[in-house]
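Report on the structure given below.
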Amino acid sequence: MEYFTANVESQTIELAVLDTLSSFSNIPFIYHFENTMAADKRDLFMPGDALQDSFYKTLLEFPLLAGHLYMGAEGRGSVVVDRNNLNLPEYRESTCDVHFDELKAANYNWDLFPKDLVSVCVVTTAGADGVIKLANIHCARLRDNSGMLLFANMSHYVVDGIG
């Protein structure tokens with residue numbers, strides 16, 4: 001995270017009217033990864049600190065995701081990225097009792113996903129700190145480090161593009 005906060009530049013990104021209309025819905029993605037490493041190297045699969053470092057390095061390419069959503073008096077929105085007042089995405093990691101083999105055998109049925117994997121609603125709402133987050137990330141490590149589920153959510157207009 002230090003790399004991101006040291007290098008991000010302040011900026012304001014104006015939203016088009018259509019972007020503003022869709023800014024209050026979320027687009028969720030769920031990815032699943034199997035650990036195919038040899039038994040003696042399973043612990044090396046997607047280490048948490050490397051994942052988080054990679055996330056923040058990638059975030060530097062998309063600083064919009066660390067901005068605050070504002071609506072102007074004329075009804076047009078903007079995202080303000082202020083390096084002194086960042087709105088960092090919610091990023092969390094957890095573990096769960098499901099093994100990747102079970103998930104795969106069930107054809108990746110959502111009923112086997114951890115109940116808290118999807119950490120946001122379809123409609124954009126404020127995060128734990130009372131601020132609307134433009135991205136939410138949840139990495140859930142599967143039992144015996146057999147794999148990982150990655151939930152990534154972004155506000156609709158961030159997915160579609162800006163301005």
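The values are calculated or read from the model by the stated rules, or taken from the named source; none is laboratory data. Here the structure is a predicted model, which is why all the values come from computation and not from measurement. Positions of Cβ are generated from backbone atoms using ideal geometry, with glycine treated the same way; all protein chains shown enter the neighbour counts. The area values use the complete protein model at the heavy-atom level, side chains included, leaving out ligands, DNA and RNA. Shrake-Rupley method; radii C 1.70, N 1.55, O 1.52, S 1.80 Å.
General observations
- Computed about its Cα centre, the charge dipole of the chain is approximately 120 debye, with only Lys, Arg, Asp and Glu carrying charge at their Cβ.
- Length-normalised contact order for the stretch 85-154 - Cα pairs under 8 Å, 6+ apart - percent: 43 percent
- Taking all protein chains into account, the per residue accessible area for the stretch 10-163 stands at 55 Å² (1.4 Å probe).
- The stretch 1-151: relative contact order as a whole-number percent, Cα under 8 Å and 6+ apart: 33 percent
- Annotation: average projected area of the chain is 10.5 square nanometres, based on the convex hull of Cα atoms across all directions.
- Using alpha carbons only, the radius of gyration of the stretch 1-93 set against its Kirkwood radius gives Rg/Rh = 1.11.
- Percent carbon-and-sulfur accessible area, the chain, ignoring ligands, DNA and RNA, probe 1.4 Å: 55 percent
- Across the stretch 80-163, Cα-Cα pairs more than 22 Å apart make up 37 percent of the total.
- Charged neighbours of residue 59, selected by a Cβ distance under 13 Å, balance to -2 (K, R count +1; D, E count -1).
- Sorted from longest to shortest, the spans of the Cα atoms of the stretch 37-131 along the three principal axes equal 57, 28, 21 Å.
- Under-5 Å amide H pairs with residue 147, H placed in peptide plane, nonlocal only: 35, 100, 142
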